[in-house]
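Visitor: One structure, as structure tokens, below. Some questions next.
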Amino acid sequence: MLTRRTPISVAEAQKRINEITLTTSTEIIPLTEANHRVIATDVYAPYDYPHFRRAGMDGYAILASDDHDYPREFTVLGEIQAGATWDQPLRPGEAVRIMTGAYVPKDAEKVIRIEKTRPSADKQKVTIITSERKSNITETGTDVKKGEIVLAKDQELNPGGLAVLTAFGIQQVTVYKKPRIAIIATGTELLGPHDPIAAGKIFNSNGIMLKNLVEESGGIVDFETQLPDEANVIKETLEKQMASHDIVITDGGVSVGDFDYIGDEARKADQLLFNKIKQRPGSVTTAFIQHKTLVMALSGNPGACFTGFYLYMEPLIRRYQHQPSRLRKVRATLAAPYNKTNGFDRYLRCTYEFKNNHFLVYPNGINRSGSLANLQTTNCLALIPHSTTPMKVGTETDAWLLPFK
Ligand SMILES: Nc1nc2c(c(=O)[nH]1)N[C@H]1C(S)=C(S)[C@@H](COP(=O)(O)OP(=O)(O)OC[C@H]3O[C@@H](n4cnc5c(N)ncnc54)[C@H](O)[C@@H]3O)O[C@H]1N2
Ligand code: MOO
């Protein structure tokens, strides 16, 4: 059925997606699974770090009042290994052999590095040759004081952050839940992964791309399927997946063809956000909310599907994690010809180069909506504003550098 759709701008479509109120929730997970997760609560230091006075060098611990008139011989009271403690008092003329990272005796104020000493053969005595400028002792709480925020919320944990938490004996962390996303590809032309290639048929190349794009952006794909263009099958699957997911992403079946059933579902939905955008590729990109779940209907055309994901889905998935989009908007110069003109703004798949403090963008291969050969090497999208004349080489425009590229 042919219906008239009202195209809106990309900015307006992005605004409508951005205005969706998200119900983000949190979960507690073991630290061993927390790399790249976003912490949802400030984490306070349960104790000082370090929590004992620690030797920064291998050497001999002595009293502050003894730090003079070198060379001078000291009596060695014993040895403190890292991990051990020491409770004997230290008196003038006495030293304790101490290792890096070991507990410093209470009354010791200085560790003289081993290089500046001459131990006797039986190790019972040591001659200190010269003093040290530094104490070589790390005082309690030098790094972090008890009660301070060691990691503030809303940041993505990385291996360094995991080390910080572990140092404080923290083994679990509260993080934002990842949105659960279902991916439904539609099209009777789609072959199963093990089918032989056949006339009129294609493999579901969008499926694996979308799954990995979702996961890279911080979502979980726990349902993925491909469906023939059959209204009932599509409707039933949509209903079921909407009930159990935060977002359902579909691709294909969204234009005005006789078998484009996703478009029909969109028009009947509780809230239609948009079903035509003034953009190429992907003018058919559609979004609607049904039973409080967002359905993002991307074009089946691979180039349009790729672009639509970055423009609308990546920022939304990141928002579930309280994180900004990873697309980096820059000003860039068109460095090679692109001669096509269009009534809609085009998000051209490009490669970029950073030269003399400036970004240069190069149109990447064939930029049709239905072409896909450039998807591996495309690392930015550049804006070719709608016009009746081609954009001249050397013109400045907006470009978005893509994450993980
Ligand atoms: N009469 C009109 N025809 C079309 C219009 C229009 O306005 N009037 N819009 C065109 C534009 S623009 C686009 S974009 C496409 C959008 O089509 P759909 O999103 O509905 O997608 P399909 O028609 O199902 O497929 C388009 C193309 O992509 C291939 N495809 C589909 N699924 C996959 C997949 N999972 N992996 C790889 N490739 C896939 C499919 O075989 C088609 O070749 O509509 C235009 N038509
Ligand atoms: O809307 Mo389509 O521009 O060819 O992807």
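Visitor: If you take the residues of the range 141-174 that are on the phi > 0 side of the Ramachandran plot and touching a His at 6+ places or on another chain (Cβ under 9 Å), which of them is surrounded by the most Cβ atoms within 10 Å (Cβ to Cβ)? Give the steps one after another, and end with the answer.
Guide: Step one: list which residues in the range 141-174 are on the phi > 0 side of the Ramachandran plot, which gives 141, 147, 154, 169.
With touching a His at 6+ places or on another chain (Cβ under 9 Å) added as a condition, the list becomes 141, 154.
Numbers: Gly141: 16, Asp154: 13.
Once the filter is applied, the top-ranked residue is Gly141.
Visitor: Right, next: Only one residue in Ile39, Ile114, Ile80 is buried (at least 16 other Cβ atoms within 10 Å of the Cβ), touching a Phe, Trp or Tyr at 6+ places or on another chain (Cβ under 7 Å) and not basic (Lys, Arg). Which one? Steps first, please.
Guide: On the way: Ile39 fails: touching a Phe, Trp or Tyr at 6+ places or on another chain (Cβ under 7 Å); Ile114 fails: touching a Phe, Trp or Tyr at 6+ places or on another chain (Cβ under 7 Å).
Sole residue among the options that is buried (at least 16 other Cβ atoms within 10 Å of the Cβ), touching a Phe, Trp or Tyr at 6+ places or on another chain (Cβ under 7 Å) and not basic (Lys, Arg): Ile80.
Visitor: In addition: In the range 348-362, which residue that is touching a strand residue (DSSP E or B) at 6+ places or on another chain (Cβ under 6 Å) and more than 16 Å from ligand 2 (Cβ to nearest atom) is nearest to Cys305 (Cα to Cα)?
Guide: Narrowing the range 348-362 to residues touching a strand residue (DSSP E or B) at 6+ places or on another chain (Cβ under 6 Å): 348, 350-353, 359-362.
Add one more test, that the residue is more than 16 Å from ligand 2 (Cβ to nearest atom), and what stays is 350-353, 359-362.
Numbers: Cys350: 16, Thr351: 18, Tyr352: 21, Glu353: 25, Phe359: 25, Leu360: 25, Val361: 21, Tyr362: 21 Å.
This residue is Cys350.
Visitor: For the range 221-248, how many residues meet the condition of being surrounded by 15 or more Cβ atoms within 10 Å (Cβ to Cβ) and within 21 Å of Tyr312 (Cα to Cα)?
Guide: 10
Visitor: May I pose another question? Can you name every residue in the range 285-304 that is over 26 Å from the mean Cα position of the chain (by Cα), at pLDDT 95 or above and either in a loop (DSSP other than H, G, I, E, B) or more than 15 Å from ligand 1 (Cβ to nearest atom) (or both)?
Guide: Ile289, Gly300, Asn301, listed by residue number.
Visitor: Consider the range 338-357. How many of its residues are of a type outside the set (S, T, N, Q) and within 16 Å of ligand 1 (Cβ to nearest atom)?
Guide: Step one: list which residues in the range 338-357 are of a type outside the set (S, T, N, Q), which gives 338, 340, 343-350, 352-355.
From what is left, the residues that are within 16 Å of ligand 1 (Cβ to nearest atom) are 340, 343-349.
Counting residues in the range 338-357 that are of a type outside the set (S, T, N, Q) and within 16 Å of ligand 1 (Cβ to nearest atom) gives 8.
So that you can scan it fast, the table gives a plain yes or no per residue for (1) near ligand 2 (Cβ under 9 Å from one of its atoms); (2) not small (Gly, Ala, Ser):
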{"position": "Gly252", "(1), (2)": "no, no"}
{"position": "Gly263", "(1), (2)": "no, no"}
{"position": "Arg267", "(1), (2)": "no, yes"}
{"position": "Leu273", "(1), (2)": "no, yes"}
{"position": "Thr293", "(1), (2)": "no, yes"}
{"position": "Gly303", "(1), (2)": "yes, no"}
{"position": "Phe306", "(1), (2)": "no, yes"}
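Visitor: Within the group Arg54, Arg91, Arg4, which residue is charged (D, E, K, R) and at pLDDT below 95?
Guide: Result: Arg4 is the single residue among Arg54, Arg91, Arg4 that is charged (D, E, K, R) and at pLDDT below 95.
Visitor: So, one more: I'd like the full set of residues that are small (Gly, Ala, Ser) and in contact (Cβ under 8 Å) with a residue 60 or more places away in the chain, limited to the range 351-380.
Guide: Those that are small (Gly, Ala, Ser) and in contact (Cβ under 8 Å) with a residue 60 or more places away in the chain: Ser369, Gly370, Ser371.
Visitor: From Thr24, Thr6, which residue is within 21 Å of the chain's Cα centre (by Cα) and either in a loop (DSSP other than H, G, I, E, B) or outside the structural domain of Val254 (by TED's automatic domain parsing) (or both)?
Guide: Of Thr24, Thr6, the one residue that is within 21 Å of the chain's Cα centre (by Cα) and either in a loop (DSSP other than H, G, I, E, B) or outside the structural domain of Val254 (by TED's automatic domain parsing) (or both) is Thr24.
Visitor: A further question on this structure: Any idea which of Leu375, Leu383, Leu360, Leu401 is within 16 Å of ligand 1 (Cβ to nearest atom), among the aliphatic types (A, V, I, L, M) and surrounded by 12 or more Cβ atoms within 10 Å (Cβ to Cβ)?
Guide: Leu375
Visitor: Would you call Gly187 within 16 Å of ligand 2 (Cβ to nearest atom), more than 29 Å from Ile29 (Cα to Cα), in contact with a helix residue (DSSP H, G or I) (Cβ under 7 Å, 6 or more places away or on another chain) and touching a residue at least 40 places away in the same chain (Cβ under 8 Å)?
Guide: No; evaluated as a whole, the condition is false for this residue.
Visitor: What are the residues in the range 374-396 that are within 16 Å of ligand 2 (Cβ to nearest atom) and either closer than 13 Å to Gly303 by Cβ or not assigned by TED's automatic domain parsing to the domain that holds Asn339 (or both), if any?
Guide: Across the range 374-396, the qualifying residues are Asn374, Leu375, Thr378, Leu381.
The values are calculated or read from the model by the stated rules, or taken from the named source; none is laboratory data. This one's a predicted model, so the numbers in the text were calculated from it and none came from an experiment. No Cβ is skipped: glycine too gets one built from the backbone with ideal geometry, and neighbour counts run over all protein chains shown.
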